[in-house]
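Quick note: the coordinates plus some simple rules give every number you see, no bench work behind them. Keep in mind it's a predicted model, so treat the numbers as computed, not measured. Neighbour counts run over all protein chains shown; Cβ positions are idealised from the backbone, glycine included.
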Amino acid sequence: MSGKQESISIWFFIGSLLAFYGLLILGYGVYALVWPPATRPVLAELHADVWWGALLVAVGVFYCIKFFPKRAK
Amino acid sequence: MTLLPCLLVAAPASRLISLGGVDLVIIVAYFAIVLGIGFYLKKRASTGEDFFLAGREMTAWIAGLSFLSANLGSLELMGWAGAAYQYGILATHWYWIGAIPAMLFLAIVMMPFYYISKTHSVPGYLQLRFGEPARALSAATFAVMTVLMSGINMYAMALVMKVVLGWDINFSIWVASLTVAAYVALGGLRSAIFNEVLQFMLIWLGALLIPILGLIEAGGWSGLQSRIAANLGSGSYTHLWSTMGSFTDNPMGIHWTGIVLGLGWVISFGYWTTDFLVVQRLLAAKDLRSAKLAPAIGAAFKMMVPFIVILPGLLGLALLPPGMLIPEGEASKIVGAHSYNEVLPLMLARYCGPGLLGLGITALIAGFMSGMAGNVSAFATVWSYDIYRAFIRKKAPDAHYVRMGRWSTILGVLASIGTAYLVMQFKSIMDYVQALFSFFIAPLFGTVLLGMLWKRATPAGGFWGLLAGTASSIAMWVWVKLDPQALAVVALSSDAKPMAENMYRALWSWLVCVGVTVVVSYMTQPKPLSELQGLVYGCTEVPSEKHLPLVKRPIFWAVVVAAVFAVLNVLFW
C-alpha cells in the first residue's frame, strides 16, 4: 500500500506480445503490398497479413491499456 | 485421447516450410516472454500452496482456459487434423461427445467434492476416501505414465519440427524442454497456468486464419461439402451420426454404441474428470463457484476447437489434389511423400506468408509446451505430495516440499528427455506406453465416481476395484495381441479398428472396476459417515447458489453449453 507495484496481470503480458506480433505481421504485410514477393501464398490478393496484423495490434493494445499495471494508492 | 502412434511413423520427407527472419523473431519473442513470466512469478511461489496450487486464487476464466490449454497439445492439433483428413468429420466426436458431457459433469457433479475436500491432487482424494493403498497405486502409475507420456510427446514434437521445418531433433528437444523446466520450476503451477493462457491465445490466433481463408477458397460450408463429395465420391465424410449404424458404413469402422458408451462415457469421463493433468488447473480456482464455472468455460471453447483442427483436415480433403496425402506407413517408404498428419502444416503453408507463418509455427510450439508444462507440473505435485511426503519423508517444513517440487520438476523434465531418446531408439515402446496409459484411465473413473456418489463404497472395495479394472484392461489387450480373433469378442466385431477396440476395452474394464468395487464393498466394513464428510454425496454440504443471479450460476452456463452441444450435433447429423 505504500506505492508498491501491484502484480502484473497475465492479460498485460498477452496484450504486449500480441501488439508486438501484430506490428511485425502488419509491417511485413504492408511491405509485401508495396513490393510483392516472387512466391505468394494462395489468396494472397486478400492480404490476410495486413488485416490479421491490424487485428492483433488492436487486440494487443486493448489488453495493454485495460490491464496496464497500476501502482496501489 | 491422442494420435501419437500415427504421428511417429510419419516420414521425415523434405521440409514443408521455410521460415524467414520475421518468423524467427516471432518465435524468439515467444520463448523470451514465457521465460520472462517464469522469472517474474518466482517471487510468488514461496509456499507449498503457491507452488503446487497457484495460491488457489485463479479466476474462473484463467482456470478454465488453462484447463483446456493443458489438453491442447500441438500433437493433438496435428494428429486430429490428420484424422479429419482420414476419417472426415467423424473425428469431431473426440471434441464434442468425447469431451463436452464429461466436462459439464465434472463442473456440476464432481468439482464440489474435489474442491471442498481441499485435496491437492486426484491421488490425494483417493487417500482421503479410500486410504493409502488406493493412493499409492494411483500416484505411482500416474507419475510414471506422466513422465513417459511427456517424453514421447517431446520426441514426437521434435520429429514434427524436423519434418515441417528441418530443425535438428536434439535442438528441438533440449530448447523446448529446458524452457518448460525453467518456467515451471521457477514459478510453479501459477507460471504453468499463466503461460497456458498465453499459449491458448496464440494457438487460436495462429491457427484461425486457416479455416477462414480455407472456407473462402472452398466457397463456404456447402462448397466444401460438394468438393469433398466430388473428390471422394461419398457424402459420408461430412456427417457426424448418420453413418454410425454399422461398423462397415463409415471410414472409422465403429458403431455408435462404441462412440457413445466407450468414448462418450468411459474414456471421456475418465480423462476429463480424473486425469490430474487437467483437474489440477481447477483445484487452483479461487472459490468453489469459479472451480465449477471453469470447466463450463473450457467446454464452451472445446466445442469450437474443431473449427481450427477438424476443418483444416476437411479443407485438405476438398482443396488438395486427391491422393496427395497418403497413410503414414506408405509415406514412410516414399521420398518426398506426405502423410495425413501433415495436412495442418500444409494448409498453413498454403495460406500464410512470412510473419503469419511464424505465428502459426509459434502456435504449434505453444501447444507442445502447454501440454508438456501440464505433465510436468502435475508430476511435481503428485511426486512431492503423494509419494515423497506420503511414503518417504512425512514431516518436513513446507519450504522443504517446495524445494522438492522445484527439483522434481527439473528431474521430471530430464526423465522425459531420457524417455524421448529411448523412444528414438526403440519406437515400439511408444505403442506400449500409449496402451499402459489407457489401462488406468477407465478404471480410475469407476473408483472416483463410486467414491464420490456411493457412501457404502469401502476402502478395500475402492482399492481392489481399481486394481481389478486395470488388470482386466491389460489382460484384454494382451489377449488381442496374442490372438487377433479375440477382437471379435472384445470389440464386438472383427471389423473393429484399433480405435474401436480401445473404446470397448475401456468400457469393459470400467464395468469390471465398478463390479468388483460393489462386491468387495458389500463384503467389507464401510467407513463411518463422520469420516466421509466433504468427500461423498449425501455427507457433504455443498454451498447453495440460489442467492446468485442466474447468469452467475455455473449450472446456468452448463445448460447453455449443453444446449449448444445438442444443436451442433443435430446440425451436422
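Here are some notes:
- Counting every other Cβ atom within 10 Å of each residue's Cβ, B:400, B:255 order from fewest to most as B:400, B:255.
- Measure of compaction for the range B:275-430 (Cα Rg per 2.2 N^0.38 Å): 1.41
- Nearest-20 debye value, chain B charge dipole, Cβ charges on Lys, Arg, Asp, Glu: 1400
- Packing rank of B:507-516, B:210-219, where each peptide gets the mean count of other beta carbons within 10 Å, highest leading: B:507-516, B:210-219
- Mean partner shielding of peptide B:350-362, defined as the number of other chain Cβ atoms within 10 Å of each residue Cβ, is 6.
- Once both labels are positioned 7 Å from their Cα atoms along Cα-to-Cβ, the gap between residue B:414 and residue B:552 label points is 4.9 nm.
- Efficiency of FRET from Cβ geometry, residue B:59 and residue B:256, R₀ 35 Å, rounded to 0.05: 0.35
- Efficiency of FRET between residue B:232 and residue B:304 - r from beta-carbon atoms, R0 25 angstrom, step 0.05: 0.45
- Residue-averaged beta-carbon neighbours from other chains (10 angstrom radius) around A:31-37: 1
- 15 Å beta-carbon shell around residue B:464, net charge (K/R +1, D/E -1): +2
- Once the C-beta distance of residue B:494 and residue B:566 is scaled by a Förster radius of 30 Å, the resulting FRET efficiency is 0.35 to the nearest 0.05.
- The convex hull built on the alpha-carbon positions of the range B:443-573 has an orientation-averaged projected area of 11.5 nm².
- The range B:469-517: projected area of the alpha-carbon convex hull, averaged over directions, in nm²: 2.9
- Distance-filtered residues of the range B:154-195 - backbone nitrogen under 15 Å, label point 7 angstrom along residue B:330 Cα→Cβ: none
- Cα pair distances exceeding 17 angstrom across the range A:10-66, given as percent: 40
- Ratio of the Cα radius of gyration of the protein assembly as shown to 2.2 N^0.38 Å, where N counts its residues: 0.94
- Other protein chain C-beta atoms within 10 Å of residue C-beta, averaged over B:187-196: 1.
- Loop-resident trypsin sites (Lys or Arg not before Pro) (DSSP state other than H, G, I, E or B) in the range B:466-546 with no more than 10 further Cβ atoms inside 10 Å of their Cβ: B:546.
- Of B:552, B:302, the sequence from fewest to most neighbouring Cβ atoms within 10 angstrom is B:552, B:302.
- Angle of helix B:356-381 to the longest C-alpha principal axis of chain B, folded into 0 to 90 degrees and rounded to 10: 20°.
- In whole percents, the pair-distance distribution calculated for the range B:103-150 from its alpha-carbon pairs, binned every 10 Å from zero, is 26, 42, 31, 1.
- Label-to-label distance, nm, for residues given as residue B:573 and residue B:287 (7 Å Cα→Cβ offset): 4.3
- The modelled label-to-label distance between residue B:167 and residue B:407, using points 7 Å beyond Cα along the C-beta direction, is 3.1 nm.
- Placing +1 on each Lys and Arg Cβ and -1 on each Asp and Glu Cβ, with no other charges, gives the protein assembly as shown a dipole about its Cα centre of roughly 1920 debye.
- Descending principal axes extents, chain B, alpha-carbon based, whole Å: 67, 54, 53
- Least to most buried among A:21, B:340 (fewest other Cβ within 10 Å first): B:340, A:21
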